[in-house]
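Right, one structure below, let's go through it.
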Amino acid sequence: VKLDCFVLEQVCKDIQRWKQDGLPLVPISVNVSRRDFIESGCIDKQYQIVEKYNIDHSLIHMEVTESLYSENTDLIISQVKRTQEMGFVIEMDDFGAGYSSLGSLSTFPLNVLKLDISFVRNIVKNEIVIENIIKMAHRMGLLVIAEGAETVEQFKILRTLGCDYIQGYYFSKPLPVKEFEAYLKK
């Protein structure tokens, strides 16, 4: 919980600095654990951190895993809905890597599905699965991010299939903050 708050505060400091420096502002995803949603007052503390730096809530994407909803489902769902109502985007990371039930997916408060990298690594073999996940997500009003695009072929297939956002080495390797700032300036 302390680590999650530390990371969130650092992200808010960075966004505030980019805003002051006139850099383009892009949403940043931060991991939020099940414990953050269960522990009393933890999510409120995270809201307070964002408010302290006067960051537009839409710039903070709360990234959760499929396992978030495996226990204490009613409590978790109510906390996540409250988080969405405050303007934060909820992303389900590594979708398809676990054992989620597609039947219960529609009951989870989400804004974005992030396809697990394993789908993209074997994109030719998984193309029909990816296409149908994207179609399903769109019918549910969700955006889709594909993780792990490394080649022009992967990029083109994902774009053709209607993937909303694509991330991976095709664009850039992970960057230290100063290099990321230079990347934003481009």
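The values are calculated or read from the model by the stated rules, or taken from the named source; none is laboratory data. Predicted model, so just to flag it, every value in this text is computed and none were measured. Positions of Cβ are generated from backbone atoms using ideal geometry, with glycine treated the same way; all protein chains shown enter the neighbour counts. Please note that ligands, DNA and RNA were not included when accessible areas were found on the heavy atoms of the full protein model with its side chains. Shrake-Rupley method; radii C 1.70, N 1.55, O 1.52, S 1.80 Å.
Descriptive notes on the structure:
- Here G168 meets the list (1) open to solvent by 60 Å² or more (accessible area, probe 1.4 Å); (2) out of contact with any helix residue (DSSP H, G or I) (no Cβ under 6 Å at 6 or more places or on another chain); (3) in contact (Cβ under 8 Å) with a residue 12 or more places away in the chain; (4) in a loop (DSSP other than H, G, I, E, B) almost entirely, failing just condition (1).
- Number of the exception - M62 against (1) in contact (Cβ under 8 Å) with a residue 12 or more places away in the chain; (2) open to solvent by 20 Å² or more (accessible area, probe 1.4 Å); (3) not β-branched (V, I, T): (2)
- So I157, is it free of Cβ contacts under 8 Å to residues at least 40 places away in the same chain, over 23 Å from V30 (Cα atoms) and not acidic (D, E): yes
- Note on the stretch 143-156: residues that are more than 18 Å from A97 (Cα to Cα) and either among the acidic types (D, E) or open to solvent by less than 30 Å² (accessible area, probe 1.4 Å) (or both) amount to 3.
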